Amino acid sequence: MNERGLSPYSAPLLIAGVDEAGRGPLAGPVFAAAVILDPERPIAGLADSKKLSAASREMLAPVIRERCRAWGMGLADAEEIDALNILGATWLAMRRALLALAVPPGHVRVDGNRCPSGVALGFSCTWQAEVGGDARVAEISAASILAKTARDAWMCRAAQVYPGYGFDRHKGYPTPSHVQALARLGPCRLHRRSFAPVKSLDHPASPATD
């Protein structure tokens, strides 16, 4: 036993990092990823996904999935965002990501200043909110990269189903071209009706886009 009363043969505490992508867009789901890294298989180049180029994120994502101990992905769609508000939907996506992990973590570090509820997760763990954690905590950086690349790929596929909005270019964020397309075509099923300026548009999407 060591001075903390732990056996030297005790299993190490599994730490999951959790982060989201897609809180600000006008359309599409909010994604969340949970990652448990393997300390024996370090990954160089982990950083806040927003600070990395798209090419760097795409290069790192498969490395993270291959080298980590476990990873999970969750999302909440536009209807859930409208029903719960974006914070509630983000926490729902985070819980779904944690539930998707192959092994349960003993400690969860979440990017931001608050953590989702751990009720009914099926495992007990401690929680820690990390402001700016996506830039400081390797597990959260890895989660931010997986969430961002997964959401970007989802929006690129959505662009084929809902042409005209440019989802493959702006990923649902309120760029001038997206706002112009929204005013011209009206919202489609992927748009968040509770978000301005979507909620101010009362004309339905045309059959060609919905």
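The values are calculated or read from the model by the stated rules, or taken from the named source; none is laboratory data. Bear in mind that the values here come from a model prediction, so they are computed numbers and not experimental data. Please note: Cβ atoms are built from the backbone with ideal geometry, for glycine as well, and neighbour counts cover all protein chains shown.
Quick notes on this one:
- Scope the range 106-116; condition in a loop (DSSP other than H, G, I, E, B) and either over 18 Å from the mean Cα position of the chain (by Cα) or more than 16 Å from S141 (Cβ to Cβ) (or both); matching residues: G106, N113, R114, C115, P116
- Checked against the criterion of being of a type outside the set (A, V, I, L, M, F, W, C), modelled with pLDDT under 95 and surrounded by fewer than 20 Cβ atoms within 10 Å (Cβ to Cβ), the candidates P176, P197 yield just one match: P197.
- Tally, over the range 84-99, of residues that are of a type in the set (D, E, K, R) and out of contact with any strand residue (DSSP E or B) (no Cβ under 6 Å at 6 or more places or on another chain): 1
- Selected residue (criterion: surrounded by the fewest Cβ atoms within 10 Å (Cβ to Cβ)) from residues of the range 60-79 that are part of a helix (DSSP H, G or I) and touching a residue at least 40 places away in the same chain (Cβ under 8 Å): R65
- Beta carbons closer than 7 Å, at least 6 apart along the sequence or on distinct chains, pair a first residue in the range 146-161 that is among the hydrophobic types (A, V, I, L, M, F, W, C) with a second that is surrounded by fewer than 17 Cβ atoms within 10 Å (Cβ to Cβ) and assigned to a helix (DSSP H, G or I) for M155/D168; C156/D168; A159/D168.
- A Cβ distance below 6 Å, combined with a sequence gap of six or more or placement on separate chains, defines the contacts here; from the range 178-190, residues that are free of Cβ contacts under 8 Å to residues at least 24 places away in the same chain reach residues that are crowded, with 19+ Cβ neighbours inside 10 Å and among the aromatic types (F, W, Y) in the pairs A181/Y165.
- As a summary of the residue check, A55 satisfies the conditions (1) surrounded by 15 or more Cβ atoms within 10 Å (Cβ to Cβ); (2) free of Cβ contacts under 8 Å to residues at least 40 places away in the same chain; (3) not hydroxyl-bearing (S, T, Y) except for the one numbered (1).
- Of all the criteria given as (1) at pLDDT 95 or above; (2) under 28 Å from P176 (Cβ atoms), the one not satisfied by L46 is (2).
- Count of residues meeting criterion [in a loop (DSSP other than H, G, I, E, B) and under 14 Å from the mean Cα position of the chain (by Cα)] in the range 16-59: 7
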